[in-house]
Amino acid sequence: MLISALTSTSDLFLHLWQSVLPHYLLNTVLLAVYVVSLTLVFGVISAGLIVHTNIMGKKILRWLLILPLAMPAYIVAYLYTDLFDYAGPVQRALRSMFNWQSPQDYWFFDIRSLFGAACVISLVLFPYVYLLTRTAFEQQNQNLLRAGRLLGLSPKQNFIKLILPLARPALGISASLVLMETLADFATVQYFAVNTLTTAIYDTWLGYGDLPSANALASVLMLFIFAVVFVEQKARAAQSQQKSMINNQQQVIILSAGQQFSASCCCWFLAIAGFLLPFSLLLVMVFEYSTSAQFFSLLDSALNSLELALYVATIAVLIALVLVLFQRLSRDISKNLPIQISSFGYAIPGTVLAMAMLATFGPVDHSINDIAIYLQLPEPGLILSGTIFALAIALVTRFAAIANGAVSSGMKQIPANLDLAPASLGVNLKTSLAKVHLPLLKSSILGAWLLVFVETMKELPAVLLLRPFNFETLSTQVYQLISDEMLEQGALGAILIVLFGLFPIIWLNSSNAKTDKTTHTSSIANAFSSKKRPQRN
Amino acid sequence: MLKQTYLLGLKIFTTEKAEVLRTEPKIIKPLCRIEEPSVLQRSSVVNNDEKTKETPLYFSLLLLTIISFSALWSFNSFASDEVNVYSYRQPFLVKPLFEQFTQQTAIKVNVIFAKKGMAERLAREGKYSPADVLLTTDISRLIELQDKKLLQAFESAIIKKAVPSQYRAQNEQWFALTTRVRNIYSAKRLGDIELDYLDLADEKYRGRICTRSGKHPYNVALVAAIISEYGESKTLAWLKKFKANLARKPQGNDRSQVQAIHQNLCDISLGNSYYFGKMLKDDKQKVWAEGVNINFPNQANRGAHVNISGMALAKYAPNKANAQKLMEFLVSKPAQQLYAEINMEYPVRTDVKPSALVASWGNFKADTLPLETIAKHRKTALKLLDKAQFDL
Amino acid sequence: MPLISLNNLSVTLQKNTILSAINLTLAAGDILGLVGPSGCGKTTLLNTIAGFIAQNQGSIQLNHFGEKRTINAEHGIPPEQRNIGMIFQDYALFPHLTVAKNICFGIAKQTNSAQKAQLNTLLKLLKLDDLADRYPHQLSGGQQQRVAIARALAPKPALLLLDEPFSNIDARLRNDLMIELRSLLKTLKITAIFVTHNKNEVFSFGDKIAVMAEGKILQTGVPAEVCQQPNCWQVADFLQLGAWLPITALSEEALSEEGLVISDFSEHRQTTVSSYHSALGPIKNTLTSPKVLSGNKLVLLVKPQHISLRSQGEKNARVEHVAITEQGYHYQLSSLETKNELAFSTLSFYSDELLSLGENISITVEPTPLLIFNQE
């Protein structure tokens, strides 16, 4: 990619640079900054309130706050732009209530703006931060916080000076996840009429038909992400994470009734805005527009979605296992590289990734066919790039970060001694992996599998471009209708996507609550936490 | 150990399909295997029956891998009597037509729909591409396909007869199925007014105009048409003034502009002709459409800008004969009638009338600018839109 | 005036009484060792004193610099205002801060130069000079402990709490560290309470001992005193002062019988004589009457050194286990009669004589002050 970037047509670059690129760049940076800070604010505040205070309705909120994860961003974006637009029901109601005539008569925030986009994207993405931070908070060594108190900090100072800095790995990882999701997401931003670097990539590629320049821009985007993630990692390289399994009674901050109420409101707002409201909007649409015929026509797509998600999740987890075991067995820092590289697939926009797949498997297919002709066998056709093979591989690439993270964090919880113990019992390495590591990794593997499953159900652009004939998934069905501004008709499909995502998430959360030790839900993309931490002792 | 499994998996993945598929019911097994309860229990058996315990796990992982790959074949089988369509159009818009075609000819129609990257996909697939027919909604896409040498010319007296030469490629590589006008919608409150495209830059409409993204192919084609008429610098000036007149940043689609007019956010918008008809047929959107007049611009001079939805034959079409049948079917009178009826577009055949609703908007003069000329100016149009920072 | 006194302190967590009616006073400069079996509430008591757990009843009085503050269920003082330092079992060093920053954490409000001076003093005192810029995970266990101590001492706390401070330390280093830390605390005149389940740590580190069981303080005092005069069997049992010989009170008539074991103790000759029966025969007490003289489950505390082998006499014990030690052979004995309520199985003694496993022997308890307890 970089090579083609260097040789790309500089004319177009110059033109873009002189016209819109600086603006796009600024938008990209601003969007990234807004979304990352908003998700951090949302996620940290909600996690802090849930773990460290006696907030009302804690039990319900604890898992309600994860649910936005099941909402595809493009659907939420559609719903919200529709709702808060000038022509949307909210502004209409306001106008009729106060008898305003034109936009000049009153002020209302512009949902189709950079900030509006950032808000809505943050509402969908903050659960990443919430989940990781919540687990980090829950696993924090209580003695550290007690030490802080005895050294003169009030509970609130404690939160700022100890709890937050201690949760920094979780914050860093979740922020980089959010960053990658944001920058890779083109469809969502488009609803808000916000142009980012991703817009420029599409423009140069599809509009100007200049793939090299598009590649160059994509490289810039990747470099940007690399740089941010690298700087963040570097900054906490020297510190060690000290995880403790001691989970003695959490010292909670006792809030006054008023504070409790407002804190509770904050969390409820996030849960409502991120999930309950869009979900009920969809439900209303389903009741208004859906017919049983629609449901049956969706069945095929639903089966396709399930099938695809099944393959992708399985392959991604298997690959993650291989990588993680490889990393574990070769205790060499440089061996972390494959796993880290594979994790950056998450940052590649789906369509770009799809193109890369076609570019990779197209020639392979051609050679396969050439060989077949040479051997006088029937031509197999495009058996890789023309089937769901390419699609599955693309999605595996994209979600490798999630699978790797979940599996490797599970692996990190297996004490290093267990690598040696079986050997001392006269069991060889293969057997010990099969009998010790795999069973212990069970919950992490399952967690990784489910997360990839959910993400695959939601994924759109790569599926759109790579799918074979007559292969509709729920997301492509919904997209067809959305692209014609008829989400009403697609609401049923959207609901199905959400529901398919919901069950694994709820299941993960409840299993997480049962066994406090498993951190799989929250350790998505732990692969980013870079180097092996020096172990204590 | 797992690497081996993986390699083994690939090895088996080359075996015959039938054999692989037979193993499918066993998919439950691996999951059970991995859920082996606890280390203690497991380690206690380590020494006793190491070998027997080990194999199922291998086996299950292998199975999973195989099954994952086995499915690939199920999508690679095409019956002989079919035709494959790569479509830029949402399938539900063309589905009734295809159904009728299948009914008449017993040829099955397979469709993939995508808006982005279709040409790239076709190019990458090269001579093994399964695509027979391409369906686009915009002239620029057709020209792009043609320029990338992804199309082939074809001889068809039927098509030649049915489609006016203006809406056919000179090299016979593509043709239009329908035409659509880039109309200007104006609020009824403005009364009956005549609007040309150049009027969009008129200062008296400052803050009263809405449009979708300038980069949308429909708008790009319009800008390209303006360029071919007035030249680059004039067009840029026009774009800048047009931009200054916008009530809001370009956003949404053509329908939402009409909605904005309905909400009194603006008075004038750009939109394709068929949206007007579609909105009138939609319960919710009817009120929006009823609040606007549909104007055919430039009637006093060159005529209204017209775009096409078109069709082309893929260069390596494997089912060429079927493809030709489909193309000829789509320009047939009944198909044209049905297409026009469903999509509210103007049939390309002069002897087929548009739907009654569309016809009620009256006759209009269409710009006779060759479509190729419009396509030629597309990139310049994009650059001018960038320069005018139209979308920002 | 004591530096800290706990009056009738009770803590209930989730309806379980963890601490009940704790009374304790500690003078300035004293080091108190809090011992007891695990789960007896030692750590809860520390946490209550530190302010992490609120008491349900009773009060804590802190007298520091002549300022007297009372903490009770109605009026609490948050931990950060109690002027108490704590060293945790896992040291709880902040992993994201360097040694220097860890130490200065509690004195962040002071001026930079004051912080610097204090830091240097502590680094020197605890021999951490070279480690100031390291992170905790780069240190050995002993070094980590010293950092934890330095960090706790930096804000000059009135009272230092230590939760099993030596449990993570290598056994060979432990003694040196204890001596080192004790002299440090004494030099700085710091009052301390430390929790341990190892009585030897109390003997080498503490000035005073408090034995806890089931949420109560059973006995407090100078270690030697508590060892000589445990006030209940749990104290003696926990401190492993000896083995238990079940006994029953004997009527006056049996006194003159032959084979009587006389526990004669010259200083206490004037006291009432009472007698007991045991599997080793009758036992006579000439000591000041212990509080519990009757009961259904009386036991006599017998230390190994108080058992001696008789060359003749009725066989009354069987050798169950033999071990070779520096003090000679160590034998574990059980009574010949095993189903009797007076049967014993844990008596042990040292002897230079070689006895064979399973051999029946005759032993007697030397005349000592009888420590008789009721195990009920």
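Conditions tested, residue by residue: (1) closer than 20 Å to C:Leu161 by Cβ; (2) open to solvent by 50 Å² or more (accessible area, probe 1.4 Å); (3) within 11 Å of chain A (Cβ to nearest Cβ).
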{"residue": "C:Asn63", "(1), (2), (3)": "yes, no, no"}
{"residue": "C:Glu74", "(1), (2), (3)": "no, yes, no"}
{"residue": "C:Tyr91", "(1), (2), (3)": "yes, no, yes"}
{"residue": "C:Asp130", "(1), (2), (3)": "no, yes, no"}
Scan of region B:153-191 for residues that are farther than 22 Å from B:Tyr274 by Cβ and not in a helix (DSSP H, G or I), ordered by number: B:Ala153, B:Phe154, B:Glu155, B:Ser156, B:Ala169, B:Gln170, B:Asn171, B:Glu172, B:Gln173, B:Gly191
Name, by its number, the condition in (1) in contact with a Pro (Cβ under 6 Å, 6 or more places away or on another chain); (2) open to solvent by 50 Å² or more (accessible area, probe 1.4 Å) that does not hold for B:Lys149. (1)
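Can you list the helices (runs of 4 or more DSSP H) lying wholly within region A:46-127 that have 2 or more residues being within 17 Å of the chain's Cα centre (by Cα)?
Those helices (runs of 4 or more DSSP H) span A:73-84.
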Six or more apart or on different chains, Cβ under 6 Å: which pairs go from a residue in region C:215-235 that's of a type in the set (S, T, N, Q) to one that's in a loop (DSSP other than H, G, I, E, B)? Could you list them? C:Gln219/C:Asn231
Of the residues B:Leu330, B:Leu313, B:Leu357, which is of a type in the set (A, V, I, L, M) and over 20 Å from B:Ser156 (Cβ atoms)? B:Leu357
Those residues of region A:461-478 that are farther than 16 Å from A:Phe295 by Cα and open to solvent by 10 Å² or more (accessible area, probe 1.4 Å) come to a total of 4
Of the conditions (1) out of contact with any strand residue (DSSP E or B) (no Cβ under 6 Å at 6 or more places or on another chain); (2) within 14 Å of another protein chain (Cβ to nearest Cβ), the single one that B:Gly271 does not satisfy is (1)
In contact (Cβ under 8 Å) with a residue 24 or more places away in the chain and open to solvent by 30 Å² or more (accessible area, probe 1.4 Å): which single residue out of B:Arg212, B:Arg182, B:Arg208, B:Arg255 fits that description? B:Arg208
Can you give me the ranges of the strands (runs of 3 or more DSSP E) entirely in region C:174-231 with at least 2 residues that are open to solvent by less than 30 Å² (accessible area, probe 1.4 Å) and among the hydroxyl-bearing types (Ser, Thr, Tyr)? C:191-196
Only one of B:Ala247, B:Ala321 is within 11 Å of chain A (Cβ to nearest Cβ), among the hydrophobic types (A, V, I, L, M, F, W, C) and surrounded by fewer than 24 Cβ atoms within 10 Å (Cβ to Cβ); which? B:Ala247
Would you say A:Gln142 is within 14 Å of chain C (Cβ to nearest Cβ) and surrounded by fewer than 24 Cβ atoms within 10 Å (Cβ to Cβ)? yes
Enumerate the pairs (first residue in region B:115-139 and more than 8 Å from chain A (Cβ to nearest Cβ); second residue anywhere and of a type in the set (S, T, N, Q) and part of a helix (DSSP H, G or I)) with beta-carbon separation below 8 Å, excluding pairs fewer than 6 apart on the same chain, so at least 6 apart or on different chains. B:Asp132/B:Asn322
Of the residues in region B:173-194, those that are of a type in the set (A, V, I, L, M) and under 28 Å from B:Thr136 (Cβ atoms) number 4
Determine which single condition B:Ser332 fails, assuming it passes every other condition in (1) at pLDDT 90 or above; (2) open to solvent by 40 Å² or more (accessible area, probe 1.4 Å). (2)
Out of (1) touching a residue at least 60 places away in the same chain (Cβ under 8 Å); (2) part of a strand (DSSP E or B); (3) crowded, with 20+ Cβ neighbours inside 10 Å, the one C:Ile49 does not meet is (2)
Note on region A:346-391: residues at the interface with another protein chain (Cβ under 10 Å from one of its Cβ atoms) and hydroxyl-bearing (Ser, Thr, Tyr) are A:Thr351, A:Thr360, A:Ser385, A:Thr387
Somewhere in region C:109-119, is a residue under 16 Å from A:Leu153 (Cβ atoms) and facing another protein chain (nearest Cβ under 9 Å)? yes
Residues (without any contact (Cβ under 8 Å) to a residue 24 or more places away in the chain, in a helix (DSSP H, G or I) and under 18 Å from C:Leu181 (Cβ atoms)) located in region C:90-128: C:Thr121, C:Lys124
Please find, among C:Thr44, C:Thr17, C:Thr25, the residue that is open to solvent by 20 Å² or more (accessible area, probe 1.4 Å), touching a strand residue (DSSP E or B) at 6+ places or on another chain (Cβ under 6 Å) and either closer than 17 Å to C:Thr191 by Cβ or more than 14 Å from chain A (Cβ to nearest Cβ) (or both). C:Thr25
State all residues of region A:30-71 that are β-branched (Val, Ile, Thr) and without any contact (Cβ under 8 Å) to a residue 60 or more places away in the chain; if no residue qualifies, say none. A:Val33, A:Val41, A:Ile60
Scan region A:303-332 for residues that are in contact with a Phe, Trp or Tyr (Cβ under 8 Å, 6 or more places away or on another chain), more than 11 Å from chain B (Cβ to nearest Cβ) and buried (at least 18 other Cβ atoms within 10 Å of the Cβ) and report the count. 2
Failed criterion for C:Val235 (all others in (1) assigned to a strand (DSSP E or B); (2) under 30 Å from C:Asn316 (Cα atoms) hold): (1)
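Of the residues that make up region A:95-117, is at least one closer than 30 Å to C:Ile77 by Cβ and open to solvent by less than 20 Å² (accessible area, probe 1.4 Å)?
Of region A:95-117, the ones closer than 30 Å to C:Ile77 by Cβ are none.
No, because not a single residue in region A:95-117 is closer than 30 Å to C:Ile77 by Cβ and open to solvent by less than 20 Å² (accessible area, probe 1.4 Å).
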Just to be sure I understand the filter: pairs with C-beta atoms under 6 Å, separated by 6 or more residues or on different chains, first member in region A:263-283 and farther than 23 Å from A:Asp82 by Cβ, second member surrounded by fewer than 20 Cβ atoms within 10 Å (Cβ to Cβ) and of a type outside the set (Phe, Trp, Tyr). Which pairs pass? A:Ser264/A:Met56; A:Ser264/A:Gly57
Counting only strands (runs of 3 or more DSSP E) wholly inside region C:241-339, the ones holding at least 1 residues that are at pLDDT below 80 are C:243-249, C:261-263, C:274-278, C:281-285, C:298-302
Filter result for the condition that a residue is of a type in the set (A, V, I, L, M), assigned by TED's automatic domain parsing to the domain that holds B:Leu330 and either in contact (Cβ under 8 Å) with a residue 12 or more places away in the chain or not in a helix (DSSP H, G or I) (or both), over B:Leu313, B:Leu236: B:Leu313
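Yes/no matrix, rows are residues, columns are (1) modelled with pLDDT under 90; (2) touching a Ser or Thr at 6+ places or on another chain (Cβ under 7 Å); (3) within 11 Å of chain A (Cβ to nearest Cβ):
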site: C:Ile77; (1), (2), (3): yes, no, no
site: C:Leu125; (1), (2), (3): yes, no, no
site: C:Tyr135; (1), (2), (3): yes, yes, yes
site: C:Gln138; (1), (2), (3): yes, no, yes
site: C:Pro157; (1), (2), (3): yes, no, yes
site: C:Glu164; (1), (2), (3): yes, yes, no
site: C:Ile169; (1), (2), (3): yes, no, no
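The values are calculated or read from the model by the stated rules, or taken from the named source; none is laboratory data. Given the structure is predicted, the values throughout are model-derived calculations rather than measurements. Please note: Cβ atoms are built from the backbone with ideal geometry, for glycine as well, and neighbour counts cover all protein chains shown. SASA here: full protein model, heavy atoms, side chains in, ligands and nucleic acids out. Shrake-Rupley method; radii C 1.70, N 1.55, O 1.52, S 1.80 Å.
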